[in-house]
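Asks: Take a look at this one; I'll ask things after.
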Amino acid sequence: MKELFSIDLNDYEHNYIVYKRPSARGIILSGDKIALVYSKKEKYYKFPGGGIKENEDMHTALIREVREEVGLTVIPESIIEFGSVMRRQKSNYSPDTIFEQENFYFLCKAEKYVSDQELDDYEKDAEFVLRFVNIEDAIKTNRNYHSDDLFNEIMIKREEKVLQLVKDYNAG
C-alpha cells in the first residue's frame, strides 16, 4: 500500500523498545458526506477503525472495527486501498517505548442499516457516535481541535491531513 505521509515526533531514544499497533480505517463516502466517528466529549472526527489483531488480515480488521465503532457493515467487495500513514512517537503508557502505528486507510461502501455500537471503555468515555458530515466541516472541526493530551492531538492532526487527501481525491 502506498504511503500517504508519515509522522515521527522523534521524541524518544532510538534504543527504546518498539510497540507496534497497526490499524485499519474506513473511508465511507455517501453522496457529499463521509461517515466518521465523532467524539461528543472531545469534539473531533476520526475515521472508523482500529487495531489489527494478531493473525487478523487488514480487511477482516476493517470490517470488524467499523462495525464495532459505528455500527456500519462494510461490503467486503467494495474495499479498495487508499494509502497508509506511519506514526511514531514516545509511548504515553510505557516508559522507554516507542509507539509505532501504521494506519491503513481503505475506501469502502457500507450497508444502509446501522446496528448497535460495541464500544471499548475509552470509546464510551469519549462518547463516540456515527456522523455523516461534509468533509470540509470535519476538516474545520479537527483543525480547531486542541488537547493537553499530545497523543490525541497527533491522532487528530493525522486524521485532518487524511480528510484533506480524501477531499482532493473526491474532487478529482
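Asks: Mind checking which of 61, 93, 34 is farthest towards the positive end of the chain's charge dipole, using Cβ charges of +1 (Lys, Arg) and -1 (Asp, Glu) about the Cα centre?
Replies: About the Cα centre, the residue reaching furthest to the positive side is 34.
Asks: With +1 on the Cβ of every Lys and Arg and -1 on the Cβ of every Asp and Glu, and nothing else charged, how large is the dipole of the chain about its Cα centre, in debye rounded to the nearest 20?
Replies: 520 debye
Asks: In addition: State whether region 47-133 is rounded, prolate or oblate according to the following rule on the C-alpha gyration tensor (a ≥ b ≥ c being the square roots of its eigenvalues): a/c under 1.5 gives rounded; otherwise a/b larger than b/c gives prolate, and the remaining case gives oblate.
Replies: oblate
Asks: Let me ask another. Among 74, 139, 155, whose Cα projects farthest towards the positive end of the dipole of the chain, with charges put on the beta-carbon of Lys, Arg (+1) and Asp, Glu (-1)?
Replies: 139
Asks: According to the square roots a ≥ b ≥ c of the eigenvalues of the Cα gyration tensor, what is the shape class of region 25-73, taking rounded for a/c under 1.5, prolate for a/b larger than b/c otherwise, and oblate for the remainder?
Replies: The shape class here is oblate.
Asks: Follow-up question, since we're still on this one. Give the Kirkwood hydrodynamic radius (Å, one decimal) of the chain, defined as one over the mean of 1/r across all pairs of different Cα atoms.
Replies: 16.4 Å is the Kirkwood radius here.
Asks: Amide H of residue 82: which non-local residues (sequence gap of 5 or more, or other chain) have their own amide H closer than 5 Å, using H built in the peptide plane?
Replies: 105, 106, 107
Asks: Also, I was wondering about something else. What whole number of Å gives the distance from the Cα centroid of region 62-77 to the Cα centroid of region 146-165?
Replies: So the separation of the two Cα centres works out to 22 Å.
Asks: Which entries of 40/140; 20/53; 33/109; 40/90; 20/90; 46/167 have Cα-Cα distances beyond 19 Å here?
Replies: 40/90
Asks: Report, in debye and to the nearest 20, how large the dipole of region 111-172 comes out about its Cα centre when Lys and Arg carry +1 and Asp and Glu carry -1 on their Cβ.
Replies: 500 debye
Rule-based calculations on the coordinates, nothing more; no lab input. Remember, it's a predicted structure, so these values are computed and weren't measured experimentally. Backbone-built Cβ (ideal geometry, glycine too); neighbour counts: all protein chains shown.
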